[in-house]
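To start, the structure itself, in structure tokens.
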């Protein structure tokens, strides 16, 4: 089964488009856990795994743990049921023989189902990640941050760079395992991108803390079938409480978001 | 001392623009080392440290070592004399709070002197790396691979995207700690970029295995003062021999390259 079909089937089974970003800063977790990111993640996953289609792990947060980072990442992945899509969010990409090393680390060793890749270096930097049809690659198109205006919005032949990324991604998508990243903070642009790529997965970060809007992310980000948008929130769920009830509060926040997404999916108008 | 001055002073002292890329694949090292990348790197550094201004470590190769990766990276950095510039080549970049995590991992924990950063996400993704003037950031402009044509060469207002990166980098360079990456495989474009940024460091990979030309890289990549080009070779030096003499052969290859660079620096014409 290729990645796109796989994501679709997981979203159907879980009845969820929600992805929780496990981007954990040990300084922000409840003090009674004494800095154990492994224990924090275990509790968060235990409390939320029936609410999500995916967990996204931003690799920077694990690298920042130093020598404990690799082990924390590996253990966290073990807690996640294998039926849920795991995304290694490292925005990697390098010349071919180097991207192959990232493939080894992220797909073969850690076993992520999908990764995020920065498109700037072009096709041969992305190709090594695409070899297995069941593993997904989300290419950065229009990111959720301010700096997205610096290069991503530059116009080439009347079309912003991020739309050129979308169109090339579509052409390169022969194994049906490419998706795009479009920030929830850019709803109009998300709508345009979805029109360009009617059948590709779109990872949509920026809900919650970054101010993106759930309703428009779902309405504009989904396919006609109402799926393949992956709506991602991180800090608003992880740090819903910093007390002993952090896992219950995270569940409550996740459930609220899942239901909000569900309502937006059920609205007829597009 | 800011990064640019520091690089200049190291290049003056070492009389070298050569950077060796320690991008080590354990399957390619001499069999008598039984896969020990640490021992391989120790011997290579011991044999070449008086030939270089810098060592560049591509992080992908260390991540691909799995649980041994972090330790191998840390030990390798310990072998490098502190007077030589170390570059953590991971082509990172993410939204601000995430780039801060990479800063912690690469600058604070591993202690790299400089890193490579992918510019696609714009200023706020790069800014956290720029806070310490003595630490350098090489932004990808025109990379050495084929795929550089896919987006980097797209024309915006009659100027290719990579030149826009160069011009923005110049504007953002208030602490004199930004450099650019331009592949040795694009000599004419390197000449144009150097004209746009007459006083910024340029990291020039792609010599050796990838076919870039030393002579033109030096002539076109240096400043008027004949410095701030960082000429990088990896596989042609590391794997000059796969026998017990690998370190001597690596030294011989490195010395040849250093002298070739030196001759090109001394040629009057530009």
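The values are calculated or read from the model by the stated rules, or taken from the named source; none is laboratory data. Because the structure is predicted, anything quoted here is derived from the model rather than measured. Neighbour counts are summed over all protein chains in view; Cβ atoms, including those assigned to glycine, are modelled from backbone coordinates with ideal geometry.
Residue under question is residue A:5, and the condition is that it be within 25 Å of residue A:118 (Cα to Cα) and surrounded by fewer than 16 Cβ atoms within 10 Å (Cβ to Cβ); does it hold?
Numbers: within 25 Å of residue A:118 (Cα to Cα): yes; surrounded by fewer than 16 Cβ atoms within 10 Å (Cβ to Cβ): yes.
Considered against the rule, which asks whether it is within 25 Å of residue A:118 (Cα to Cα) and surrounded by fewer than 16 Cβ atoms within 10 Å (Cβ to Cβ), residue A:5 comes out as yes.
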Yes or no: region A:31-53 includes at least one residue that is closer than 27 Å to residue A:181 by Cβ and free of Cβ contacts under 8 Å to residues at least 12 places away in the same chain.
no
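How many residues are in contact with a strand residue (DSSP E or B) (Cβ under 9 Å, 6 or more places away or on another chain) and either surrounded by fewer than 24 Cβ atoms within 10 Å (Cβ to Cβ) or in contact (Cβ under 8 Å) with a residue 40 or more places away in the chain (or both) if we restrict to region A:221-252?
Here is the first cut: in region A:221-252, the ones in contact with a strand residue (DSSP E or B) (Cβ under 9 Å, 6 or more places away or on another chain) are A:221-223, A:228-238, A:250.
Retained after the next criterion (residues that are either surrounded by fewer than 24 Cβ atoms within 10 Å (Cβ to Cβ) or in contact (Cβ under 8 Å) with a residue 40 or more places away in the chain (or both)): A:222-223, A:228-238, A:250.
Qualifying residue count for the region: 14.
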Residue that is farthest from residue B:10 (Cα to Cα) [pool: residues in region B:22-63 that are within 14 Å of chain A (Cβ to nearest Cβ), touching a helix residue (DSSP H, G or I) at 6+ places or on another chain (Cβ under 6 Å) and part of a loop (DSSP other than H, G, I, E, B)]:
B:24
Kindly indicate whether residue A:163 is free of Cβ contacts under 8 Å to residues at least 24 places away in the same chain, over 16 Å from the mean Cα position of the chain (by Cα), more than 11 Å from chain B (Cβ to nearest Cβ) and assigned to a helix (DSSP H, G or I).
no
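Residue-wise test of (1) part of a loop (DSSP other than H, G, I, E, B); (2) touching a helix residue (DSSP H, G or I) at 6+ places or on another chain (Cβ under 7 Å); (3) over 18 Å from residue B:139 (Cβ atoms).
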| position | (1), (2), (3) |
| --- | --- |
| B:195 | no, no, no |
| B:209 | no, yes, yes |
| B:216 | no, yes, yes |
| B:224 | yes, no, yes |
| B:232 | no, no, no |
| B:236 | no, yes, yes |
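Condition first: more than 22 Å from residue A:250 (Cα to Cα) and buried (at least 23 other Cβ atoms within 10 Å of the Cβ). Can you find one or more residues in region A:32-55 that meet it?
First, the residues of region A:32-55 that are more than 22 Å from residue A:250 (Cα to Cα): none.
No, region A:32-55 contains no residue that is more than 22 Å from residue A:250 (Cα to Cα) and buried (at least 23 other Cβ atoms within 10 Å of the Cβ).
Scan region B:32-46 residue by residue and report those that are at pLDDT 95 or above and more than 27 Å from residue B:201 (Cβ to Cβ). Lay out the reasoning, then the answer.
Pass one, region B:32-46, residues at pLDDT 95 or above: B:32-33, B:36-46.
Scanning region B:32-46 gives B:32, B:33, B:36, B:37, B:38, B:39, B:40, B:42, B:43.
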Exactly one of (1) within 30 Å of residue B:45 (Cα to Cα); (2) more than 15 Å from the chain's Cα centre (by Cα); (3) at pLDDT 95 or above; (4) within 14 Å of chain A (Cβ to nearest Cβ) is unmet by residue B:232. Its number?
(2)
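Given the residues B:109, B:150, which is the only one that is more than 21 Å from residue A:141 (Cα to Cα), modelled with pLDDT of 95 or more and at the interface with chain A (Cβ under 7 Å from one of its Cβ atoms)?
Details: B:150 fails: more than 21 Å from residue A:141 (Cα to Cα).
The conditions single out B:109.
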Looking only at region B:133-147, count how many residues are closer than 19 Å to residue B:201 by Cβ and at the interface with chain A (Cβ under 9 Å from one of its Cβ atoms).
3
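Specify the residue that is farthest from the other protein chains (Cβ to nearest Cβ); the eligible residues are those in region B:71-90 that are without any contact (Cβ under 8 Å) to a residue 60 or more places away in the chain and within 21 Å of residue B:182 (Cα to Cα). Talk me through it step by step, then tell me what you get.
Of all residues in region B:71-90, those without any contact (Cβ under 8 Å) to a residue 60 or more places away in the chain come to B:71-82, B:86, B:88, B:90.
Now restrict to residues that are within 21 Å of residue B:182 (Cα to Cα): B:86, B:88, B:90.
On the way: B:86: 17, B:88: 11, B:90: 8 Å.
Out of the qualifying residues, it is B:86.
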Given (1) out of contact with any strand residue (DSSP E or B) (no Cβ under 6 Å at 6 or more places or on another chain); (2) within 25 Å of residue A:170 (Cα to Cα); (3) modelled with pLDDT of 95 or more, residue A:97 misses just (3)
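State all residues of region A:174-204 that are more than 22 Å from residue A:216 (Cβ to Cβ) and buried (at least 19 other Cβ atoms within 10 Å of the Cβ); if no residue qualifies, say none. Reasoning before the result, please.
To start, the set of residues in region A:174-204 that are more than 22 Å from residue A:216 (Cβ to Cβ) comprises A:174-178.
Matches in region A:174-204: A:177, A:178.
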Unmet criterion (only one of (1) within 17 Å of residue A:88 (Cα to Cα); (2) more than 10 Å from every other protein chain (Cβ to nearest Cβ); (3) touching a strand residue (DSSP E or B) at 6+ places or on another chain (Cβ under 6 Å)) for residue A:169
(1)
